[in-house]
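S.K.: What follows is a structure written as structure tokens; I'll ask about it next.
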Amino acid sequence: MLDLQRLRALHAVSVHGTVGAAAAALGYTSSAVSQQIAKLERETRTVLLEREGRGVRLTDEAWQLADTAQELLAIVERAETGLEERRGLPAGRLTIAAFASAARGLMPSVLADLARRHPALDARLTEVDPHLSVDLAAKGAVDLVIAHDWDIAPLPAPAGLEQAHFGDDLCDLLVPESHPFAGRTAVTREELGNERWICQPPGRVCHDWLLRTLRSAGHEPDVVHQADENPTLVALVAAGLGVALIPRLGRGPLPPGVVEVALEPVPVRRLYALWRTGAARRPAIAETVRTLREHWPRVTAR
């Protein structure tokens, strides 16, 4: 008889790529995940993980078993959803993946509110880039995803996922206080052709959006500095090293030396909650989406 928790550990490694990342997603230690998979190997008399450099790779047999595990976990999810629906109250574990600025600027208050109002609900947050988190929801690795897209770059939602739009995050041009734009109330996209840009690395949603936005206005952006975190981008602007387009969510107060200038038309980042269709009836999903919508106006009013 195969143990479901061991199958869950193998499935997590197949989704997240490493034992460490799987452990973080499951809330375990890396050692615990390795032990679960070692026991599964003994039970199945099959090699499931092989060393590859400093990491591991799944064998062909492991991939086959991981696919079966995904089917079994989906059945368990339907059973848990049915029970929770009959009780009518949010309960059980709810795993949430959110992008960085939502994890910082929105989710702390949402999670605290859920914990206060629904003590039987065990909501757990992981910070994940939207490019990855949507796929994690589709594969059943997380229950709910907080993701975003831009007005000129819609977020593709795979089949089998439902989504709810709960807010719009506006974006501003940040410039050093010595910059010619610092005295302006607004600038247009056509005026941005000769700037030195500070943004996130390639492959990130914000980086791709910046390139599309400037190219649509006839400019090829000169990206001189790249960093993952918005506070780092703001610090680079404060040092006079370039300009940046940064959303308001999770940005925090601007330091001395940085001036916010409106960009016309205003860039808009749309925020979504996504979940698997099979979990749509789960009260925990509905309550979390409702709480996101309730808290969003408070966040934007800061």
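The values are calculated or read from the model by the stated rules, or taken from the named source; none is laboratory data. Small disclaimer: the values here were computed from a predicted structure and weren't measured. Here the Cβ positions follow ideal geometry from the backbone for every residue, glycine too, while neighbour counts run over all protein chains shown. Heavy atoms of the whole protein, side chains included, go into the accessibility calculation; ligands, DNA and RNA do not. Shrake-Rupley method; radii C 1.70, N 1.55, O 1.52, S 1.80 Å.
S.K.: For the range 55-139, just list the percent of Cα-Cα distances falling in each 10 Å bin from zero outward, please.
M.R.: 15, 32, 36, 15, 2
S.K.: Turning to a different aspect of this structure: To the nearest 20 Debye, how big is the dipole of the range 183-228 about its Cα centre, given +1 on the beta carbon of each Lys and Arg and -1 on that of each Asp and Glu?
M.R.: Numbers: 6 positive and 7 negative charges, 20 e Å.
For this selection, approximately 100 debye.
S.K.: Using all alpha carbons of the range 168-207, what is the percent of pairwise distances in each 10 Å bin, ordered from the shortest bin to the longest?
M.R.: 20, 53, 25, 1
S.K.: P(r) tail for the range 51-196, what percent of Cα pairs lie past 28 Å? Let's see the in-between values first.
M.R.: Numbers: 4507 of 10585 pairs.
Beyond 28 Å sits 43 percent of the P(r) for the range 51-196.
S.K.: Calculate log10 I(q)/I(0) of the range 143-241 for q = 0.18, 0.25 Å⁻¹, where I(q) comes from the Debye formula with a single equal point scatterer on each Cα and nothing for solvent.
M.R.: Ignoring solvent entirely, the Cα scatterers give -0.98, -1.55.
S.K.: Next question. Suppose each label sits 7 Å from its Cα in the direction of the beta carbon; what would the residue 89-residue 71 distance come out to in nanometres?
M.R.: With each label placed 7 Å out from Cα toward Cβ, I get 3.6 nm.
S.K.: Rounded if a/c is under 1.5, else prolate if a/b is larger than b/c, else oblate: which is the range 73-113, with a ≥ b ≥ c the root eigenvalues of its Cα gyration tensor?
M.R.: On the way: a/c = 4.97, a/b = 1.95, b/c = 2.54.
It comes out oblate by the Cα gyration axes.
S.K.: Compute the length gained on full extension between residue 232 and residue 270: take 0.36 nm times their separation in residues and subtract their Cα-Cα distance, giving the result in nm to one decimal.
M.R.: Working it through step by step, the gained length comes to 11.4 nm.
S.K.: Largest first and in whole Å, give the semi-axes of the range 123-185's equivalent ellipsoid, each being the square root of 5 times a Cα gyration tensor eigenvalue.
M.R.: Numbers: eigenvalues 231, 37, 21 Å².
After diagonalising the Cα gyration tensor, the semi-axes are 34, 14, 10 Å.
S.K.: Let me ask something additional. Can you give the charge dipole size of the chain about its Cα centre, rounded to the nearest 20 debye, using +1 on the beta carbon of Lys and Arg and -1 on the beta carbon of Asp and Glu? Spell out each step's value before the answer.
M.R.: Details: 34 positive and 38 negative charges, 177 e Å.
In total the dipole reaches around 840 debye.
S.K.: If you don't mind, another one. Give me the dipole magnitude in Debye, nearest 20, for the range 1-120 about the Cα centre, with unit charges on the beta carbon: positive for Lys and Arg, negative for Asp and Glu.
M.R.: Details: 15 positive and 14 negative charges, 99 e Å.
So the magnitude is around 480 debye.
S.K.: Once the whole set of protein chains is in place, how much accessible area is left on residue 165, using a 1.4 Å probe, in Å² to the nearest 10?
M.R.: 80 Å²
S.K.: Something else about it: For the range 73-169, what does the relative contact order come out to in percent, with C-alpha contacts under 8 Å and a separation of six or more? Walk me through the numbers before you get to the answer.
M.R.: Numbers: 101 pairs, mean separation 28.9, N = 97.
Worked out over the range 73-169, it gives 30 percent.
S.K.: Taking just the alpha carbons, could you work out the radius of gyration and Dmax for the chain, both in angstroms?
M.R.: 21.9, 71
S.K.: Quick check on the chain: helices-only [θ] at 222 nm, where DSSP H runs of length 4 and up contribute -39,500 (n - 2.57) each and the sum goes over total residues. Nearest 500, please. Let's see the in-between values first.
M.R.: On the way: 10 runs with 129 residues, N = 302.
Estimated from H runs of four or more residues: -13500 deg cm²/dmol.
S.K.: Sticking with this one: Would you mind listing how long the range 1-79 runs along its three principal axes, going by Cα atoms, in whole Å with the largest first?
M.R.: So the three principal-axis extents are 39, 27, 17 Å.
S.K.: What Kirkwood radius, in Å to one decimal, follows from the Cα pairs of the range 236-283? If you can, show how the numbers build up before the last one.
M.R.: Working: mean 1/r = 0.0697 Å⁻¹.
Here the Kirkwood hydrodynamic radius works out to 14.3 Å.
S.K.: A follow-up question, please. Restricting to Cα pairs below 8 Å that are 6+ residues apart, what does the relative contact order work out to for the chain? Please round to a whole percent.
M.R.: Details: 531 pairs, mean separation 66.9, N = 302.
Relative contact order comes out at 22 percent.
S.K.: With Kirkwood's inverse mean 1/r over C-alpha pairs for Rh, give me the Rg to Rh ratio of the range 120-159, two decimals please. Mind dumping the intermediate values first?
M.R.: Working: Rg = 11.5 Å, Rh = 11.3 Å.
With Rg and the Kirkwood Rh in hand, the quotient comes to 1.02.
S.K.: With all protein chains present, how much of the accessible area of the chain (probe radius 1.4 Å) comes from carbon and sulfur, to the nearest whole percent? If you can, show how the numbers build up before the last one.
M.R.: Details: 7610 of 14540 Å².
Heavy-atom surface of the chain belonging to carbon and sulfur, 1.4 Å probe: 52 percent.
S.K.: Compute the relative contact order of the range 2-91 as a whole-number percentage, counting only Cα pairs closer than 8 Å that sit 6 or more residues apart in sequence. Could you put the intermediate results ahead of the total?
M.R.: Working: 82 pairs, mean separation 24.2, N = 90.
Rounded, it is 27 percent for the range 2-91.
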